[in-house]
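Inspection log for the structure reproduced underneath, given as structure tokens.
The values are calculated or read from the model by the stated rules, or taken from the named source; none is laboratory data. These figures come from a predicted structure and were not determined experimentally. A quick note on method: Cβ atoms are made from the backbone with ideal geometry, for glycine too, and the neighbour counts reach across all protein chains shown.
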Amino acid sequence: MKKSILITGGAGFIGSHVVKLFVEKYPDYQIFNLDALTYAGNLENLKEIEGASNYHFLKADIQDAETLDEIFSNYGITDVIHLAAESHVDRSISDPLAFVKTNVFGTVNLLNSAKKAWGKELDKHLFYHVSTDEVYGSLEDGGFFLESTSYDPQSPYSASKASSDHFVRAYANTYKMRTVISNCSNNYGPNHFPEKLIPLCIHNIKNNKALPVYGKGENIRDWLFVKDHARAIDTVFHSGKAGDTYNIGGFNEWKNIDIVRLLCQKMDEKLGREKGTSEKLITFVTDRAGHDMRYAIDASKIKDELGWEPSLQFEEGIELTIDWYLNNQEWLDHVTSGAYQDYYSDLYGSR
Ligand code: NAD
């Protein structure tokens with residue numbers, strides 16, 4: 001069977017890297033990028049593949065079950081890689097319901113449409129859900145998240161992602177749908193919306209604006225270059241065992257404050273500023289409510305069973321990322337001004 005893959009959230013940060021990888025690497029696959037183009041979706045992320053004959057963009061909302069049913073039947077969708085989500089923890093604290101609507105309700109809509117469309121041949125199709133390590137909660141006393149670690153989500157964002165993971169597993173168990181889930185640590189790299197730590201710091205350092213750091217900046221996260229995550233998704237999609245979960249991570253833990261200092265140091269060098277100039281912009285702000293202290297992922301299973309491991313060292317990835325932001329000021333101007341919505345209307349009309 002020829003593959004027609006529905007990738008949701010393909011105009012977002014990680015989704016756009018996944019869509020580009022699949023369109024370029026698999027010319028025999030038809031790739032359908034479904035995205036509602038919220039504030040986080042940006043078609044400029046996909047410029048390189050515009051016009052590719054195996055690439056199709058569908059503006060749709062996963063909260064709209066009827067449209068999803070039509071898409072599955074009109075385009076003969078054979079598999080799903082589901083990334084569409086509300087993804088920013090701070091926004092989930094101020095508006096939890098938006099996260100339930102997209103991350104939980106939207107995911108169940110997609111599962112239902114897939115189940116309906118694939119009928120009695122569920123064993124011939126795959127529903128792949130891309131999730132986060134935040135579902136495991138906070139590691140206060142050492143150790144690592146394993147695939148067997150119990151869920152203990154602490155923020156409205158992670159609670160919504162945990163819930164969607166549970167629904168995916170429930171559909172595998174109840175209806176025998178072929179599913180796979182991966183839980184990844186923090187991503188960084190090109191096309192990251194500048195509300196997140198690394199692009200926010202690069203943007204603010206360049207513009208001499210304050211660098212807000214929560215609490216004392218002691219919180220620890222594992223970081224992975226976004227293209228390595230896209231490679232991992234390719235690996236899990238093609239070789240992962242149905243019904244399984246794979247943790248994806250960079251074996252690369254950093255305290256937030258150390259990342260901010262590293263960015264200050266590198267940006268001083270790149271911008272020809274005196275050493276220590278950018279660090280003066282660091283401003284400690286009241287900690288995020290319920291801020292998880294440490295996430296650390298053990299990604300041995302995907303390495304041992306599927307042969308995936310990160311290809312880039314962090315220093316190299318950070319250099320690439322800073323250079324990308326410095327060379328793509330137009331992209332930054334557009335996402336900070338909302339002008340990419342005009343870009344969409346020019347390309348596709350105001351559907
Ligand atoms: P993002 O916010 O950059 O992109 C999300 C995309 O989903 C956007 O293009 C947006 O327009 C689209 N979208 C949102 N609501 C939608 C809806 N109702 N219908 C259709 N499309 C909708 O997010 P990201 O950082 O690229 O994350 C992608 C996925 O990976 C998410 O599921 C997230 O939970 C997961 N994840 C992210 C990270 C990370 O560090 N960013 C780490 C692990 C897992």
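Of all residues in the range 218-243, count the ones that are surrounded by 17 or more Cβ atoms within 10 Å (Cβ to Cβ) and assigned to a loop (DSSP other than H, G, I, E, B).
Total satisfying the criteria: 2.
Test of understanding: among ASN183, ASN191, ASN187, ASN103, which residue is touching a residue at least 12 places away in the same chain (Cβ under 8 Å), more than 22 Å from PHE237 (Cα to Cα), crowded, with 22+ Cβ neighbours inside 10 Å and not hydroxyl-bearing (Ser, Thr, Tyr)?
ASN191
Does the range 92-136 hold any residues that are near the ligand (Cβ under 10 Å from one of its atoms), out of contact with any strand residue (DSSP E or B) (no Cβ under 9 Å at 6 or more places or on another chain) and closer than 25 Å to ASN247 by Cβ, and which are they?
Result: PHE99, THR102, ASN103.
In the range 59-66, is there at least one residue being surrounded by fewer than 20 Cβ atoms within 10 Å (Cβ to Cβ) and more than 10 Å from the ligand (Cβ to nearest atom)?
Yes.
List every residue pair whose Cβ atoms lie under 7 Å apart, where the two residues are 6 or more positions apart in sequence or sit on different chains, the first residue falls within the range 69-81 and is closer than 20 Å to LYS120 by Cβ and at pLDDT 95 or above, and the second residue, located anywhere, is polar (S, T, N, Q) and in a helix (DSSP H, G or I).
Within 7 Å, the pairs are ASP69/SER113; PHE72/SER113.
Taking the conditions exactly as written (part of a helix (DSSP H, G or I), among the acidic types (Asp, Glu) and within 15 Å of the ligand (Cβ to nearest atom)), does GLU48 satisfy them or not?
no
Show me the helices (runs of 4 or more DSSP H) entirely contained within the range 85-170 in which 1 or more residues are closer than 25 Å to LEU197 by Cα.
89-94, 96-99
Would you mind finding the one in ARG288, ARG273 that is basic (Lys, Arg), surrounded by 12 or more Cβ atoms within 10 Å (Cβ to Cβ), assigned to a loop (DSSP other than H, G, I, E, B) and touching a residue at least 40 places away in the same chain (Cβ under 8 Å)?
ARG288
Quick one: would you say ASN207 is away from the ligand (no atom under 15 Å from the Cβ) and among the polar types (S, T, N, Q)?
Considered against the rule, which asks whether it is away from the ligand (no atom under 15 Å from the Cβ) and among the polar types (S, T, N, Q), ASN207 comes out as yes.
Can you name the condition, by its number, that GLU140 falls short on among (1) crowded, with 20+ Cβ neighbours inside 10 Å; (2) among the acidic types (Asp, Glu); (3) more than 16 Å from the ligand (Cβ to nearest atom)?
Failing condition for GLU140: (1).
Taking the stated definitions as given, is PHE13 closer than 23 Å to SER113 by Cα and either at pLDDT 95 or above or more than 17 Å from the chain's Cα centre (by Cα) (or both)?
Here the answer is no, as PHE13 does not meet what is asked.
Let me spell it out: the conditions are (1) away from the ligand (no atom under 14 Å from the Cβ); (2) modelled with pLDDT of 95 or more, and PHE251 meets all of them except one. Which number is the exception?
Unmet condition: (2).
Write out, first by first residue and then by second, each pair whose Cβ atoms fall under 6 Å of each other, whose residues are 6+ apart or on separate chains, and whose first residue, in the range 4-21, is under 19 Å from LEU111 (Cβ atoms) while the second is more than 8 Å from the ligand (Cβ to nearest atom) and in a strand (DSSP E or B).
SER4/GLN30; ILE5/ILE31; ILE5/ASP79; LEU6/PHE32; LEU6/VAL80; ILE7/ASN33; ILE7/ILE81; GLY10/ASN33
Which pairs do you get when a residue that is over 19 Å from THR102 (Cα atoms), found in the range 48-62, comes within reach of a residue that is more than 15 Å from the ligand (Cβ to nearest atom) and in a loop (DSSP other than H, G, I, E, B), reach meaning Cβ atoms under 6 angstrom, with the pair 6+ apart or on two chains?
ASN54/PRO27
Within the range 1-29, which residues are of a type outside the set (Phe, Trp, Tyr), part of a loop (DSSP other than H, G, I, E, B) and more than 10 Å from the ligand (Cβ to nearest atom)?
MET1, LYS2, LYS3, PRO27, ASP28
From (1) farther than 21 Å from ASP165 by Cα; (2) touching a residue at least 24 places away in the same chain (Cβ under 8 Å); (3) among the charged types (D, E, K, R), pick out the condition that doesn't hold for ASP133.
Tallying (1) farther than 21 Å from ASP165 by Cα; (2) touching a residue at least 24 places away in the same chain (Cβ under 8 Å); (3) among the charged types (D, E, K, R), ASP133 fails exactly one: (1).
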